[in-house]
Amino acid sequence: QVQLVESGGGLVQPGGSLRLSCAASGSIFNIVAKRWYRQQAPGKQRELVAAIFSGGITNYADSVKGRFTISGDNAKNTVDLQMNSLKAEDTAVYYCNILASVQGRVGIPEYWGQGTQVTVSS
């Protein structure tokens, strides 16, 4: 089975920085896309924050462009999110997400991490 383990969340002041990391493990053949989502409140829809694809192409939500940077290590099956110039509205639970081909499953299923809390407050 595939597991995603996130780390790096916490409390930071406005204008500060945090780096989130996510490591995928299991019988993974190939990760097609690595993404970070966030959910700003219970019941609110998860928002795609950033994505990186197997060819290295990235995209970002307009709200984080120029402040957040997504990066991935294909050999280690990891994805990081460097968050700079953080604002109060970045407060959310951040989730790692991958699309990957894995042993024993057809197609390219989606997997989620457990989430890590990021709180931006003075």
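The values are calculated or read from the model by the stated rules, or taken from the named source; none is laboratory data. Note that the coordinates shown come from a computational prediction; the quantities given were computed from them, not determined experimentally. Cβ sites come from the backbone with ideal geometry, for glycine too, and all protein chains shown count toward neighbours. Only protein heavy atoms, including side chains, enter the accessible area calculation; ligands, DNA and RNA are left aside. Shrake-Rupley method; radii C 1.70, N 1.55, O 1.52, S 1.80 Å.
When region 65-86 is filtered for residues that are open to solvent by 60 Å² or more (accessible area, probe 1.4 Å), in contact (Cβ under 8 Å) with a residue 12 or more places away in the chain and of a type in the set (Lys, Arg), only Lys76 remains.
Please go through region 73-122 and give me each residue that is among the polar types (S, T, N, Q), over 15 Å from the mean Cα position of the chain (by Cα) and not in a loop (DSSP other than H, G, I, E, B), ordered by number. The answer is Ser101, Thr119.
Of these, Arg38, Arg105, Arg46, which one is open to solvent by 70 Å² or more (accessible area, probe 1.4 Å) and either within 18 Å of Val5 (Cα to Cα) or in contact with a strand residue (DSSP E or B) (Cβ under 7 Å, 6 or more places away or on another chain) (or both)?
Values: Arg38 fails: open to solvent by 70 Å² or more (accessible area, probe 1.4 Å); Arg105 fails: either within 18 Å of Val5 (Cα to Cα) or in contact with a strand residue (DSSP E or B) (Cβ under 7 Å, 6 or more places away or on another chain) (or both).
Answer to the selection: Arg46.
If the condition is being open to solvent by 40 Å² or more (accessible area, probe 1.4 Å) and modelled with pLDDT of 95 or more, then region 54-64 contributes Ile57, Thr58, Asn59, Tyr60, Asp62, Ser63.
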